[in-house]
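Colleague: What follows is a structure written as structure tokens; I'll ask about it next.
The values are calculated or read from the model by the stated rules, or taken from the named source; none is laboratory data. All values derive from a computational prediction rather than experimental measurement. Cβ atoms come from the backbone with ideal geometry, glycine included; neighbour counts cover every protein chain shown.
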Amino acid sequence: MRRWISNRLVDLGARRAFDVIDRIAYWRRLALTGSANRAFREAHPDFAVPPLPILWDAQATTDLTEYKRSGEEAAVLFWSLIRPHLDPATPARVYEWGCGPGRIVRHLPALASGFRVEFHASDYNRASIAWCRAHLPGITFFENGLAPPLAVADGAFDVAFCRSVFTHLSAEMQARWIAELRRVVRPGGVLILTTHGLAYRPRLTDQERVRYDAGELVVRTLGAEGRKLFAAFHPPQFVRRELLRGLTILEHRPGDRTQDIWVTRMPA
């Protein structure tokens, strides 16, 4: 018991230290991007931008140009993955779990021209959802907790997707969320997600690589679960064997200095 308490105190101390480092990094980046952000706002007066603390929490950046550019690129990528599973003549509901300040989902309605799609999105950051509701019309935003359930009916969505969400959860929470996403995506529907695959192996310590190469999930708990300093690294064999067990894997796209993409289908 004494050792457990000691370890917990060490963990808490480390997390507080990393929180301080994170805040210093935020203010440093804020200073470096200040003039560029002012120029961005002048050049794009009609483009709603989130408060920078929210953007930092979600993306570890304060660069508004990066927020717009990366969101547009990611939206094109995800739409290319979603589109083959939709019929232009049939109404569909597409859901982004863990949308943050709307970086990706805000661009999808324009890409879906000609399709009858309702877009929904949620996040556990209340401030992000409040901002999205106030500034990004045409999308239904709602809050979710760090843990399930979602406040939606069984089979509510035809397609669900998330980028870099499972990468910040523990093994237990990942299992709970996969079960919940299986509940809210209709039978035969599609789930698309990303993981820290082999492209992230060089970032691991020697001990972590041994576990990773053995097919074990590697989790770093430098921050609170769900935050960017809490990181999970997924060997492809773990994803196939554990995370996506029972789902049909339609495509695995290994990342090249980026996260792996997994496209899956729910049981019919």
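Colleague: Scan region 20-40 and give yes if some residue there is basic (K, R), under 20 Å from G102 (Cα atoms) and either in a loop (DSSP other than H, G, I, E, B) or at pLDDT 95 or above (or both), otherwise no. Don't jump to the end; show me each part of the working.
Modeller: Filtering region 20-40 for residues basic (K, R) gives 23, 28-29, 38.
Cutting the leftovers down to under 20 Å from G102 (Cα atoms) gives us none.
Among the residues of region 20-40, not one is basic (K, R), under 20 Å from G102 (Cα atoms) and either in a loop (DSSP other than H, G, I, E, B) or at pLDDT 95 or above (or both), which makes the answer no.
Colleague: Right, something else. C99: in contact with a Ser or Thr (Cβ under 9 Å, 6 or more places away or on another chain) and buried (at least 17 other Cβ atoms within 10 Å of the Cβ), yes or no?
Modeller: yes
Colleague: Among the residues of region 238-268 satisfying the criterion of being small (G, A, S) and under 23 Å from P148 (Cα atoms), which is surrounded by the fewest Cβ atoms within 10 Å (Cβ to Cβ)?
Modeller: Once the filter is applied, the top-ranked residue is A268.
Colleague: Which of the residues belonging to region 181-197 are more than 17 Å from R163 (Cα to Cα) and either of a type in the set (A, V, I, L, M) or free of Cβ contacts under 8 Å to residues at least 40 places away in the same chain (or both)?
Modeller: R183, V184
Colleague: In region 119-176, which residue that is under 23 Å from P50 (Cβ atoms) and of a type in the set (S, T, N, Q) is surrounded by the fewest Cβ atoms within 10 Å (Cβ to Cβ)?
Modeller: So the residue we want is T140.
Colleague: Is it true that some residue in region 76-84 is surrounded by 16 or more Cβ atoms within 10 Å (Cβ to Cβ), touching a helix residue (DSSP H, G or I) at 6+ places or on another chain (Cβ under 9 Å) and closer than 22 Å to T33 by Cβ?
Modeller: No.
Colleague: Is region 49-70 home to any residue that is in contact with a His (Cβ under 7 Å, 6 or more places away or on another chain), modelled with pLDDT of 95 or more and small (G, A, S)?
Modeller: no
Colleague: Still on this model: Can you give me the number of residues within region 75-131 that are part of a loop (DSSP other than H, G, I, E, B) and within 20 Å of V165 (Cβ to Cβ)?
Modeller: At the first step, the residues of region 75-131 found to be part of a loop (DSSP other than H, G, I, E, B) are 86-91, 98-104, 112-116, 124-125.
If we keep only those that are within 20 Å of V165 (Cβ to Cβ) as well, we get 98-104, 124-125.
Residues in region 75-131 being part of a loop (DSSP other than H, G, I, E, B) and within 20 Å of V165 (Cβ to Cβ): 9 in total.
Colleague: Being farther than 21 Å from H168 by Cα and outside any loop (DSSP other than H, G, I, E, B) is the filter here; which residues of region 44-74 pass it?
Modeller: L64, T65, E66, K68, R69, E72, E73
Colleague: Still on this structure, please answer the following. From R93, R3, which residue is of a type in the set (K, R) and modelled with pLDDT of 95 or more?
Modeller: Answer to the check: R93.
Colleague: Pairs please, first residue from region 223-237 and under 12 Å from T167 (Cβ atoms) and crowded, with 17+ Cβ neighbours inside 10 Å, second anywhere and modelled with pLDDT of 95 or more and aromatic (F, W, Y), Cβ atoms under 7 Å, 6+ apart in sequence or on different chains.
Modeller: Qualifying pairs under 7 Å: G226/Y124; A232/F166; F233/Y200; F233/Y212.
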